[in-house]
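Comments concern the structure below.
The values are calculated or read from the model by the stated rules, or taken from the named source; none is laboratory data. Fair warning: this is a prediction, and the values are worked out from it, not measured in the lab. When we count neighbours, we look across all protein chains shown, and the Cβ atoms used for this are built from the backbone with ideal geometry, even at glycine. Only protein heavy atoms, including side chains, enter the accessible area calculation; ligands, DNA and RNA are left aside. Shrake-Rupley method; radii C 1.70, N 1.55, O 1.52, S 1.80 Å.
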Amino acid sequence: MITYKTAGVDKEEGYKSVGLIKDMVKRTYSKNVLTELGSFGALYELGKYDNPVLVSGTDGVGTKLKIAFALNKYDTIGIDCVAMCVNDILCHGAKPLFFLDYLACGKLDAEVAAQIVFGVTEGCMQSTAALVGGETAEMPGFYQPGEYDIAGFAVGVVEKANVITGDKIQAGDTIIALPSSGLHSNGFSLVRRLITDMSVEFEGKPIGETLLTPTRIYVKPVLAVLEQFAINGMAHITGGGLYENVPRIIPDGLCAAIESSKIEVLPIFELLEKLGVARKEMFGTFNMGVGFILVVNPAHVDGVMAVLREHGENPRVIGSITAGAEKICLS
């Protein structure tokens, strides 16, 4: 007789996967989570807000997953998935509330799935989000053996009066950069053309380990700043680098004048440039060492920088807002 298992889907492996992750997931819960893992839907009590606005974002990890496959290391890519979502909604001043993930594969390995979800729970802990649910899809014949894909969805909340869109940015404002941890989760299709041997030594370890360094999550330090200061604009520096992401928040008639000499370019980017990528292409593809920016009134710069440092950040002033037709100028 033909069964689901002979068709390539092992339900027992799925049950094993749930058993391995259940305790990890519960670590992310708060009193607002009203359902247990396994419910048809996740119930989350919003709490007391005057005029709450829900902010949502979804993203994946992209071809960085290929590096995880090559190294057989899966415990950090879940952090990347969470980071890509929560850092985006943070740009509007939103506090992440909860997160859901989607994991797909050709044939499920419960141990590998548990490693991936371990990373997701770690990302949720870093961002104060509850992992309230998800989906694991086993699709034989659709994905190559041993390959996985992961995507996620985050929901946050902000009072309507405190929503940040960039519309308050003015000429004279200061641009503060928060450092990235490396490539984060963008540009890996280009990286994999340049670096094909993940065992090559780089800074004392296989370069594949450097490439898998997880995306930084900026939620806690930025929310700490927002408790004390009004921020005029924020941007998460993802695919397209500064050139594509900064203009998304700059009002017409203004320009983000950024001094590249004030950016601490990380060694991994210097290596990629040496392997044949032009400097402008580098800045138009990668974050180049800047993972997140805040645009603030110059009167608040010292205070904002102090709060960021108290929360373990190493902020740098990299430019200011000027009048201009171009929304970004990188000198």
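Which percent of the accessible area of the chain is formed by carbon and sulfur heavy atoms (probe 1.4 angstrom)?
Details: 8000 of 15380 Å².
Its accessible area is 52 percent carbon and sulfur atoms.
How would you rank 140-151, 55-66, 262-273, highest first, on the average number of other Cβ atoms within 10 Å across their residues?
Details: 140-151: 15.0, 55-66: 19.7, 262-273: 17.4.
Averaged packing, sorted descending, gives the order 55-66, 262-273, 140-151.
So what does V200 come to for accessible area, using a 1.4 Å probe and Å² rounded to 10?
Only protein atoms counted, so the area is about 70 Å².
Given the rule -39500 (n - 2.57) for each run of at least 4 DSSP H residues, summed and divided by the residues of the chain, what is its mean residue ellipticity at 222 nm, to the nearest 500 deg cm²/dmol? Don't skip to the end; give the middle numbers.
Numbers: 11 runs with 104 residues, N = 331.
Result for the chain: -9000 deg cm²/dmol, rounded to the nearest 500.
Given points 7 Å out from each Cα along the Cα-Cβ axis, report the K262 to K26 separation in nanometres with one decimal.
4.9 nm
Accessible area per residue of the chain at 1.4 Å probe, in Å²? Present the calculation step by step, with values, prior to reporting the outcome.
On the way: 15380 Å² over 331 residues.
Ligands and nucleic acids excluded, the figure is 46 Å² per residue.
Considering only protein heavy atoms, what is the solvent-accessible area of D302 at a probe of 1.4 Å, reported in Å² to the nearest 10?
130 Å²
Work out Dmax and Rg for the chain from the C-alpha atoms and quote the Rg first, both in angstrom.
20.9, 75
Say R0 is 22 Å: what FRET efficiency, to the nearest 0.05, do R193 and R248 get from their beta-carbon distance? If you can, show how the numbers build up before the last one.
Working: r = 27 Å, r/R0 = 1.23.
Once the sixth-power term is evaluated, E becomes 0.20.
HN-Hα J couplings of region 29-36 from phi, Karplus 6.51/-1.76/1.60, θ = phi - 60°, integer Hz, Gly and Pro as x?
6, 10, 5, 7, 7, 9, 10, 8
Would you be so kind as to identify all helices of the chain, as entire DSSP H runs, whose Cα atoms reach 18 Å or more along the helix's own axis and whose mean Kyte-Doolittle hydropathy is at least -0.5? Please list the in-between numbers first.
Values: long enough: 11-26 (23 Å, -0.65); 77-90 (20 Å, 1.68); 110-127 (25 Å, 0.74).
Going by DSSP H runs, the hits are 77-90, 110-127.
Calculate how many DSSP beta bridges within the chain are antiparallel, expressed in % of all such bridges and rounded to the nearest 5.
Values: 41 of 53 bridges.
Of all bridge pairs located within the chain, approximately 75 percent are antiparallel.
Arrange the peptides 283-291, 220-228, 303-311 so that the one whose residues have, on average, the most other Cβ atoms within 10 Å appears first. Write down the numbers at each step before the final one.
Details: 283-291: 24.3, 220-228: 17.7, 303-311: 15.9.
Top to bottom by mean Cβ count within 10 Å: 283-291, 220-228, 303-311.
Under the 0.36 nm per residue contour assumption, what length would be gained going from the current alpha-carbon distance of A323 and F202 to full extension?
On the way: separation 121, 0.36 × 121 = 43.56 nm, distance 4.23 nm.
The A323-F202 span can extend by a further 39.3 nm.
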